[in-house]
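Working notes, beginning with the structure itself.
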Amino acid sequence: MPDDKTKKRPQDASRINLGQSYEVEYWCNHFDCSEDELRKAVDKVGTSKEAVADYLKK
């Protein structure tokens, strides 16, 4: 099913969903990182917003 283009923010702001392109774009903008950096962070520490934020600060 295609992404809903009207959605601009994640439904659950405490978790990062890499399966939705609008969420990937949102989190990349939020953390000021590339999609590759975001995906590596999620692979390393999981989908928690706080864990990814801490990882990307390092």
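The values are calculated or read from the model by the stated rules, or taken from the named source; none is laboratory data. Model, not experiment: these values are computed from the prediction. Note that we place each Cβ from the backbone using ideal geometry, even for glycine, and neighbour counts take in every protein chain shown.
Points worth noting:
- Taken over the stretch 19-36, the residue count meeting the criterion of being surrounded by 15 or more Cβ atoms within 10 Å (Cβ to Cβ) and part of a helix (DSSP H, G or I) is 8.
- Test for residue 47: is it modelled with pLDDT under 95 and of a type in the set (Val, Ile, Thr): no
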